[in-house]
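A.B. asks: Sharing a structure with you now.
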Amino acid sequence: MQQKSSTSLAVGHDIPEQVRIPWSTAFMISLAGVRRRLLRSLVTMAGVVLAIAFLSYMLVTGNITAALVEANISDLNVILQSAGVDIHAADHRDTMLLLLIGLSLFTCLVGIINAMLMAVTERIKEIGTLKCLGALDSFIVKSYFIESSLQGVFGTVLGLVIGLLVALIVALYGYGRYVPAHFPVASVLMSLGKSFLMGTLLSVVASIAPAYWAAKKEPVDAMRVEE
Amino acid sequence: MSETIIRVRDVKKIYRMGAEDVYALRGITVDIKKGEYVSIMGPSGSGKSTLFNMIGGLDTPTEGDVSIEGYRLSELTPRQLAWVRCHKIGFIFQSFNLIPTMTALENVAIARIFYGLTPAQARRDAAKTLERVGLGERIHHLPSEVSGGQQQRIAIARALVNEPDIILADEPTGNLDLHTGEEIINLIGEMKANFGITVITATHDMKMLSASDSVVWINDGAIERIAKKGEIEIEIGSIDGSTLA
Ligand SMILES: Nc1ncnc2c1ncn2[C@@H]1O[C@H](COP(=O)(O)OP(=O)(O)O)[C@@H](O)[C@H]1O
Ligand SMILES: [Mg+2]
């Protein structure tokens, strides 16, 4: 018996290659995971929510003030000036604003990467188990990339809503009826679009590294028993 | 005469821990026959899990090699190795290792998805397999919502759903009480009897040996002896001072 099996030792290429899981299936699996882990996901998203809320608040407030300055109503100009708005030159504030926005976005990027790396560390055993079941590295990359991106997009939308609402409330409180009368619909929509793109892009970019890091986890880690 | 399904040849595993070398396996050679129920017996730290990792292709030996159905694991590409794990082997873990955010059904279905089926087909097969291990009604519960014994049943369904040739169970009853542990061992024994699956379990509990066709005793990374079915009861008798029925 032993003799026979050693002479008939098969060669490796007889074994098929494991099939790849399509993106659509990976998406379904990740979406279900994000939904069930919602509270945890919200914590992960907090950085994105805040950064995008800040960005959209700044942009929308800028749009509203610009529209009111442009309206050039003498009563309103007085209110604007007492609120500290320079009605003659709105330009020199922009460098400061850009710096703040850039900083908040950078924090957001680092925040997502950090939160995802923590999520991967927490789930080393889960990744190992999936590999024992036949998951390829590519599936792990896909699912963590999708998960992180989904959270980023949800966080971005949430941040947009918060930023817009706060900007509206602050503007209405400061300038009252002038706001609806001179509301710059087009430029506000443009700002929201920019913030959405920025948040999504950032989330997707920040998801790449943790996804590859997750896929590098070994299946032996599934066997390890803690304590 | 049944054929050899797993060949382990002079497998050594050395872990480098700083300046010191830890010899987890010191040259293990063993053949396991198709349809056999083998228990790997040994104290904690004796190298059982390390040996399992080698057989399951989860880790590579420092020296020696393992082949399954004549295929040397060391010669396979990562994608072929994943195929072997998915199609040939069912893993059962001490701490169940279910995905906490997936229901019982989804936990089993995911193995079937890796096999290459669509999610709908996978769910259908998963439901059938869960039925077979006695979890028909709780398929939509999360692992945290069922008992430890039931969690291990879900894990067994997951290990069986792809109809593997081999079940690798590393201390499958380690986190269960005695009675539930016996139920799980009986369930694994049934699967072996009904489907001719080769079962390899690691344990340090004597009471888990009754279902075995043979017992491999390992200590400090080396095989002490291999006992066949007839010899096991005598073995237990001489250690326990009483004979198991
Ligand atoms: N990743 C590792 N790094 C270093 N030493 C290890 C590692 N895994 C296992 N060992 C050592 O190898 C030996 C065998 O461990 P293990 O196979 O887990 O034993 P068992 O499963 O029988 O309890 C032990 O001395 C353990 O400390
Ligand atoms: Mg162990």
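The values are calculated or read from the model by the stated rules, or taken from the named source; none is laboratory data. Quick caveat, the model's predicted, so the values are computed rather than measured. Ideal geometry is used to build each Cβ from the backbone, glycine not excepted, and the neighbour counts take in all protein chains shown.
A.B. asks: Kindly indicate the residue of the stretch B:175-189 that is away from ligand 1 (no atom under 16 Å from the Cβ) and assigned to a loop (DSSP other than H, G, I, E, B) and also surrounded by the fewest Cβ atoms within 10 Å (Cβ to Cβ) among those meeting that condition.
C.D. replies: Restricting attention to the stretch B:175-189, the residues satisfying the condition of being away from ligand 1 (no atom under 16 Å from the Cβ) are B:176-189.
From what is left, the residues that are assigned to a loop (DSSP other than H, G, I, E, B) are B:176-177.
Details: B:L176: 21, B:D177: 11.
Per the stated criteria, the residue is B:D177.
A.B. asks: Please note which strands (runs of 3 or more DSSP E) are completely contained in the stretch B:3-99 and include at least 3 residues that are over 26 Å from A:L130 (Cα atoms) and modelled with pLDDT under 95.
C.D. replies: Correct list: B:4-17, B:20-33.
A.B. asks: Something else about it: Looking at the structure I just gave you, is A:S30 within 13 Å of chain B (Cβ to nearest Cβ), surrounded by 14 or more Cβ atoms within 10 Å (Cβ to Cβ) and under 24 Å from A:L164 (Cβ atoms)?
C.D. replies: Spelling it out, it is not the case that A:S30 is within 13 Å of chain B (Cβ to nearest Cβ), surrounded by 14 or more Cβ atoms within 10 Å (Cβ to Cβ) and under 24 Å from A:L164 (Cβ atoms).
A.B. asks: If you don't mind, another one. Give me the pairs, please: first residue somewhere in the stretch A:22-41 and under 12 Å from B:M102 (Cβ atoms), second residue anywhere and outside any helix (DSSP H, G or I), beta-carbon distance under 6 Å, and either six or more positions apart or on two chains.
C.D. replies: That search, which allows pairs on different chains as well, returns A:G33/B:T101; A:R36/B:T101; A:R37/B:T101.
A.B. asks: Here are some residues: B:I154, B:I239. Which one is on the phi < 0 side of the Ramachandran plot, at pLDDT below 85 and more than 14 Å from the chain's Cα centre (by Cα)?
C.D. replies: B:I239
A.B. asks: Answer with yes or no whether B:G70 is at positive phi, out of contact with any strand residue (DSSP E or B) (no Cβ under 6 Å at 6 or more places or on another chain) and within 15 Å of ligand 1 (Cβ to nearest atom).
C.D. replies: No, not satisfied.
A.B. asks: Quick check: is even one residue across the stretch B:190-199 free of Cβ contacts under 8 Å to residues at least 40 places away in the same chain and more than 29 Å from B:M54 (Cα to Cα)?
C.D. replies: no
A.B. asks: Against the definition (at the interface with chain A (Cβ under 10 Å from one of its Cβ atoms) and either within 16 Å of ligand 2 (Cβ to nearest atom) or over 29 Å from B:L187 (Cα atoms) (or both)), how does B:E3 come out, yes or no?
C.D. replies: Judged against the criteria, B:E3 is not a match.
A.B. asks: May I ask you to list the residues in the stretch B:62-95 that are small (G, A, S), closer than 24 Å to A:K125 by Cβ and either at the interface with another protein chain (Cβ under 7 Å from one of its Cβ atoms) or in contact with a Cys (Cβ under 8 Å, 6 or more places away or on another chain) (or both)?
C.D. replies: Selection gives B:A82, B:S95.
To keep it simple, each residue is scored yes or no on (1) surrounded by 14 or more Cβ atoms within 10 Å (Cβ to Cβ); (2) within 16 Å of ligand 1 (Cβ to nearest atom); (3) under 20 Å from the mean Cα position of the chain (by Cα); (4) of a type in the set (A, V, I, L, M).
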| residue | (1), (2), (3), (4) |
| --- | --- |
| A:H182 | yes, no, no, no |
| A:V188 | yes, no, no, yes |
| A:W213 | yes, no, yes, no |
| A:V220 | yes, yes, no, yes |
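A.B. asks: Continuing with the same structure: For the stretch B:100-122, give me each residue that is in a loop (DSSP other than H, G, I, E, B), within 7 Å of chain A (Cβ to nearest Cβ) and touching a residue at least 12 places away in the same chain (Cβ under 8 Å).
C.D. replies: B:T101, the sole residue that qualifies.
A.B. asks: Of everything in the stretch B:123-174 that's in contact with a Gly (Cβ under 6 Å, 6 or more places away or on another chain) and in a loop (DSSP other than H, G, I, E, B), which residue is surrounded by the fewest Cβ atoms within 10 Å (Cβ to Cβ)?
C.D. replies: Taking the candidates together, the pick is B:P164.
A.B. asks: Restricting the search to the stretch B:26-61, which residues are within 8 Å of ligand 1 (Cβ to nearest atom) and either over 27 Å from B:A193 (Cα atoms) or within 13 Å of another protein chain (Cβ to nearest Cβ) (or both)?
C.D. replies: Of everything in the stretch B:26-61, those that are within 8 Å of ligand 1 (Cβ to nearest atom) and either over 27 Å from B:A193 (Cα atoms) or within 13 Å of another protein chain (Cβ to nearest Cβ) (or both) turn out to be B:P43, B:S44, B:G45, B:S46, B:G47, B:K48, B:S49, B:T50, B:L51, B:F52, B:N53.
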